[in-house]
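Only one structure is covered here, and it is reproduced in the block below.
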C-alpha cells in the first residue's frame, strides 16, 4: 500500500510532501517506524563487542530516523491544523510512543553500555562535543529511571504512558473550548471604540464561522486582547474576559480539572521514584536554576517590585475611571481598557495609531533583514513548495556564501483547527551524522486574518511575538552541531528562551522601524515622535503586565513543589496561592491553571514557566554587549553571539555558553532596568 512515509521524498530540500499525505497514512507509518526503531535498538543492545562511542551513542543517535519523520509531521499538524481524526490518532499513539521511549530509556542493557563509557571518561579520547553528548545520554537514562529495579521501571513506564495520554486529552479539551469560544456582535453600535482593523478581522472570523454580517471575537490573543483594550461596552468586555479565562473549566465535557489532578499526582510519584522530594526538584535538577528555591528567589524579588508598581498603576486607572464617570472598581476586564487610555493621556500614544505601521508582511521582512545584518542570512520565498496549510509560507534560507542553511516556514493566522499561542517547532532537525542534514523550521502564530485583499496589521506586542518566535527559529536554523541530541533548541529549558527574547530587542531599533514600519495606506515611515513614544512605552507602567506573568510562573512552581493529596483541587490551589502572594485586585494570571497548555499539554514547561524571566535576566544583559559596542548590529559581537549561542545548540553547559559570549555571568539588575522596576521600593 502506498504511503508517503515509506518512500523517499523528492520535494525541494526534503520538505514533507503534504499534498500526498492523508490522515489514514499515520497509523501504518507509526507502526512500521516504531517497529524499525525497536529493531535498531535491539541491535545496539545485543551487540556483543565492547561498547564504544560509535557502536552505542552514535548508533542511538542514528536510530529512529523514520519515526522522527512521521512524528515531526504528525505532531505539528496536531497543533496547527488538527481535526477529530487526528485527535483520535493522537490519543492512541501518544501513550504508545511514551511507553516505547520509557522502555528504551530504562533498558538495562543499553544503560550498562552507556554507563561503562561514562565511567571510562577521559580515556576514550572524545571530542568536547562527544563528551557532552555522552554526559547527556548518561544523565537522561538515570533521570528516566534506568537505575530503578524491575518493579520501579515497570511503574515508571506505566506513569509515562498515562502522562502522555493525559497531555493529549488536555490539548484536545482545550482546543475544543478555544474553537467554540466566541463573542458574537451583530449591532454596529456595540463595536464602539474598536479600531477598524479589529472590526475587519472580527467580520472575517464571523464569516469563517458561518455567520456572515456579524462580528466574532475569538480565543486568539490577537483578537481578544485588543477587544479588551478598546471596546467601550464594559458588559461585553466582561463577557469576553470571563469566557476567555474560563477555558478548560466552563463546560463539563471539556473540563481539565480531573486531567490536571491526575497529572500532578503522577508527576509527584515519578519524581519520588527517582529520589527527588518533589517534581519541581526533579525538573530543575539539570537546569540552570538547579533548585526550586533559586527560582522562587528570583520570582519573589521581582514580584515585590512588580506588585507594588501594579498597585500604584491601579490607583491611576481608578482615578481615570472616576474622572470619566466610572463608578466601579477596576476589574480584570477594565485594566487593559483604562491602561490604554492612561498611556494615550500620559504618553500621547495610542495603539490604534501604531497598528497601521505594523503590517505583517513588512514585519516579516524586518525580522529577515535583522538576521541578514547580524548573521548574513538571506531568505528567498518558495511559492510552489509543499506546505501543511494553504496559509503557510515557505522560504529557503542561505548563508553569506550562498550556502543552503535550511527551510523556514511561517504559519501566521488563527483558525479553529490551531491551538492558541505562538511557538517554534521543526519538521527536521539539523545534524551531521548521516551527511549534512539541514533543518526545516516552522513558526506558528495566531494573528487575526484580514479580509480578502486587506493587509494583516499587528499590534506592537504581536510584532514582538513575531520577533520572539523568529529568534527561536534562528536557534534551530543556524544550528551547526554533529549530534541530534544537542541540535538547535535542545538546551536547558531556562536557557532556550535567551535567543528568542534577545531577538526582541532589535524590533525597537530606530533604523529598523524607520525602514519597515510604514503606514499601510501612505507608505510613510513611522514618525520619529511616534518612535520615541514607543520607546518610552516599553517601561511605562509595566507592573501589571509583570504581575500577570509572575502569577502564572509562581502558581506553576508552587504546584510542582507542593504535596499533592488524593483530593487535590487545582482551582482551589490557584486561589489559595494567589491570595498568599497578595495578587493585586484588578489583575488575573496570564495563563490560568485550567488552560495552562505550557504546563499540561506536556511537561515541557512544567515547573519551567519561570524560564522566560530567568532568560530575560540574560537577554537584557546580553543586548548590553551590543550597546557597549555602540552598534546594535556590531559584526564582531554578532559573530560571537552566533558562535556561542545561535549555532552551538547544547554543546556546552548553559553557564559556560553565556560566559563565552559575554565574558562573564549575567547581571540580574538588567532585567529590572528593562522593565522599569529597578527603582521601585518593595
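Coordinate-derived values only; no laboratory data. Since the model is a prediction, treat every value here as computed from it, not as a measurement. Note: ideal-geometry Cβ built from the backbone for every residue, glycine included; neighbour counts use all protein chains shown.
Compute the angle between helix 108-120 and the longest alpha-carbon principal axis of the chain, please, reported from 0 to 90 degrees and rounded to the nearest 10.
Roughly 90 degrees, rounded to the nearest 10.
Per the Kirkwood treatment, what hydrodynamic radius in Å, one decimal, follows for the stretch 447-590 from the mean inverse distance over all distinct Cα pairs? Don't skip to the end; give the middle numbers.
Details: mean 1/r = 0.0525 Å⁻¹.
Taking every pair of different Cα atoms in the stretch 447-590, averaging 1/r and inverting gives 19.1 Å.
Using only the alpha-carbon atoms, what does the stretch 576-682 span along each of its principal axes? Please give whole angstrom values in decreasing order.
The Cα atoms of the stretch 576-682 stretch 49, 37, 21 Å along the principal axes, largest first.
Sorted from largest down, give the three principal axis spans of the alpha carbons of the stretch 517-609, whole angstrom values.
That works out to 62, 29, 19 Å along the principal axes.
When the helices in the chain are scored as -39500 (n - 2.57) per DSSP H run of 4 or longer and the sum is shared across all residues, what 222 nm value do you end up with, to the nearest 500 deg cm²/dmol? All intermediate terms of the calculation are to be shown ahead of the outcome.
Working: 27 runs with 371 residues, N = 682.
The helix contribution divided over the chain gives -17500 deg cm²/dmol.
Kindly provide log₁₀ I(q)/I(0) values, in the same order as q = 0.11, 0.16, 0.23, 0.25 Å⁻¹, from the Debye equation applied to equal alpha-carbon scatterers of the stretch 278-368.
-0.63, -0.85, -1.03, -1.16
Could you give me D for the stretch 483-552, from Stokes-Einstein at 20 °C and 1.002 mPa s, where the hydrodynamic radius is the Kirkwood radius over C-alpha pairs? Units µm² s⁻¹, please. Spell out each step's value before the answer.
Details: Rh = 15.3 Å.
Estimated diffusion coefficient is 140 µm²/s.
Between 0 and 90 degrees, rounded to the nearest ten: what's the tilt of helix 257-273 against the longest Cα principal axis of the chain?
40 degrees
Output the direction-averaged projected area (hull surface divided by four) of the convex hull of the alpha-carbon atoms of the stretch 181-247, in nm². Let's see the in-between values first.
Numbers: hull surface 15.5 nm².
Hull-based average projected area comes out at 3.9 nm².
For the pair residue 643/residue 539, report the inter-label distance in nm, with labels modelled 7 Å from Cα in the Cβ direction.
My value for the distance between the label points is 3.2 nm.
Can you tell me the orientation of helix 360-375 relative to the chain, as the angle in degrees between its alpha-carbon axis and the longest Cα principal axis, to the nearest 10?
Computed tilt is about 50 degrees.
Based on the Cα atoms of the stretch 151-310, what semi-axes does the equivalent ellipsoid have, where each is the square root of 5 times one gyration tensor eigenvalue, given in whole Å with the largest first?
One finds semi-axes of 41, 23, 11 Å for the stretch 151-310.
I need the Debye-formula profile for the chain: one equal scatterer per C-alpha, no solvent, reported as log10 I(q)/I(0) at q = 0.08 1/Å, two decimals.
-0.62
So in the stretch 356-474, what percent of DSSP beta bridges are antiparallel if you round to the nearest 5? List each step's numbers first, then the result.
Details: 17 of 24 bridges.
Once the DSSP bridges in the stretch 356-474 are tallied, antiparallel ones form about 70 percent.
How large is Rg/Rh for the stretch 108-185, to two decimals, with Cα atoms and a Kirkwood Rh?
Values: Rg = 20.7 Å, Rh = 15.9 Å.
Reported Rg/Rh (Cα atoms, Kirkwood Rh): 1.30.
Normalised radius of gyration for the stretch 390-455, please: alpha carbon Rg relative to 2.2 N^0.38 Å, two decimal places.
On the way: Rg = 14.8 Å, N = 66, 2.2 N^0.38 = 10.8 Å.
This ratio for the stretch 390-455 stands at 1.37.
Along the Cα→Cβ direction, 7 angstrom out, place labels at residue 521 and residue 636. What is the inter-label distance in nm?
About 4.8 nm separates the two model spin labels.
Could you tell me the calculated FRET efficiency between residue 225 and residue 35, based on Cβ-Cβ distance and R0 = 60 angstrom, to the nearest 0.05? Walk me through the numbers on the way to the answer.
Details: r = 47 Å, r/R0 = 0.78.
So, using R0 = 60 Å, E works out to roughly 0.80.
Binning at 10 Å from 0, report for the stretch 123-233 what percent of all alpha-carbon pair distances ends up in each bin.
P(r) for the stretch 123-233, in whole percents per bin: 12, 24, 15, 13, 14, 16, 5, 1.
Over the stretch 618-670, consider all pairs of different Cα atoms and compute the Kirkwood hydrodynamic radius from their mean reciprocal separation; express it in Å, one decimal.
It works out to 11.2 Å.
Once the cut-off is 16 Å, how many percent of the Cα-Cα pairs in the stretch 523-571 end up in the long-distance tail?
Counting pairs separated by more than 16 Å, the tail of P(r) holds 64 percent.
For the chain, what is the percent of antiparallel DSSP beta bridges, rounded to the nearest 5? Write out the running numbers ahead of the final one.
Numbers: 22 of 29 bridges.
Roughly 75 percent of the beta bridges in the chain run antiparallel, per DSSP.
Rank these for me by crowding, 249, 262, 628, 497, going from fewest to most other beta carbons within 10 Å. Display every interim value, and only then the final one.
On the way: 249 20, 262 17, 628 10, 497 24.
By the 10 Å Cβ count, ascending, the order reads 628, 262, 249, 497.
Using a Förster distance of 45 angstrom, determine the FRET efficiency expected from the C-beta separation of residue 629 and residue 151, and round it to 0.05.
Values: r = 58 Å, r/R0 = 1.30.
Efficiency at R0 = 45 Å is approximately 0.15.
Can you say what percent of the DSSP beta bridges in the stretch 410-548, counting only those with both residues inside, are antiparallel? Round to 5. Walk me through the intermediate numbers first.
Numbers: 7 of 11 bridges.
For the stretch 410-548, the DSSP antiparallel bridge percentage is about 65.
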